[in-house]
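Reviewing the structure listed below.
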Amino acid sequence: MQYLYISYPDSEYDLAHRLAADLQAAGYMVFIDTVTEPGGMAWANETRHAIRDAGAILIIFTPDEGRRAGVRHESVLANRRNKPVYVLRRSPGDLPRYLSDAAEIDFTGEYEAGWEALHAALPSAHTLFHTPTPVPPRRPRRPPHRPNWRLWAAWTLAGIVLLVALGIAFGVIPL
């Protein structure tokens, strides 16, 4: 079971929550990035887990306001996980390079036109609901450390020979 992850700037709070309500009414499960301030450790951890389990990422973006803290982090995570990214464009302007592969949906005009374009572009709610949440790959375990007994024996023998030679040289061990 996967959901749609919505990322938005504070200035787009009303749009994000209207969109979330409409998506939920259309049968989608939605996760909205609202809990913590972007840039902190808690936010980064929450974002990483949310994007890992999401079926698609929706980023509300206003190019003429400039880059927003966190968008690069979210888009890079989504690209690493091969998640589809939809940029809901709120104004004209160039998108940053890290959003160049995202599908663009025009939300500069009427909300209804943008909503229809987005709804047509998204995978169906049924598909996302019945797609299992991916299990993150486990890191391979390192094999247990096994000391090389030959190397250990060689160093021990070298140490003993050195101590005996020093003992003879300083007269501690008589010949």
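The values are calculated or read from the model by the stated rules, or taken from the named source; none is laboratory data. A quick note: this is a predicted structure, and the numbers were derived from the prediction, not measured. Note that we place each Cβ from the backbone using ideal geometry, even for glycine, and neighbour counts take in every protein chain shown.
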Qualifying residue in region 119-131 (condition: closer than 19 Å to R80 by Cβ and of a type in the set (V, I, T)): yes
Complete set of residues in region 50-80 that are in a helix (DSSP H, G or I), at pLDDT 85 or above and either outside the structural domain of A103 (by TED's automatic domain parsing) or in contact with a Lys or Arg (Cβ under 8 Å, 6 or more places away or on another chain) (or both): I51, R52, L77
Region 92-109: number of residues that are among the hydroxyl-bearing types (S, T, Y) and surrounded by fewer than 17 Cβ atoms within 10 Å (Cβ to Cβ): 2
Given (1) surrounded by fewer than 16 Cβ atoms within 10 Å (Cβ to Cβ); (2) modelled with pLDDT under 85; (3) in a helix (DSSP H, G or I), index of the condition T47 fails: (1)
L157 vs. criteria in a helix (DSSP H, G or I), at pLDDT 75 or above, closer than 27 Å to S75 by Cβ and not polar (S, T, N, Q): no
Complete set of residues in region 122-133 that are within 14 Å of D22 (Cβ to Cβ) and outside any loop (DSSP other than H, G, I, E, B): A125
Search result, residues across region 44-62 that are without any contact (Cβ under 8 Å) to a residue 40 or more places away in the chain and farther than 14 Å from Y8 by Cα: A44, N45, E46, R48, H49
Scope region 81-117; condition part of a helix (DSSP H, G or I), out of contact with any helix residue (DSSP H, G or I) (no Cβ under 9 Å at 6 or more places or on another chain) and either modelled with pLDDT under 90 or more than 19 Å from A20 (Cβ to Cβ) (or both); matching residues: R97
Enumeration of residues in region 118-154 that are at pLDDT 90 or above and not assigned by TED's automatic domain parsing to the domain that holds G55: A153, A154
Residue among L99, L162, L166 that alone is of a type in the set (A, V, I, L, M) and touching a residue at least 24 places away in the same chain (Cβ under 8 Å): L99
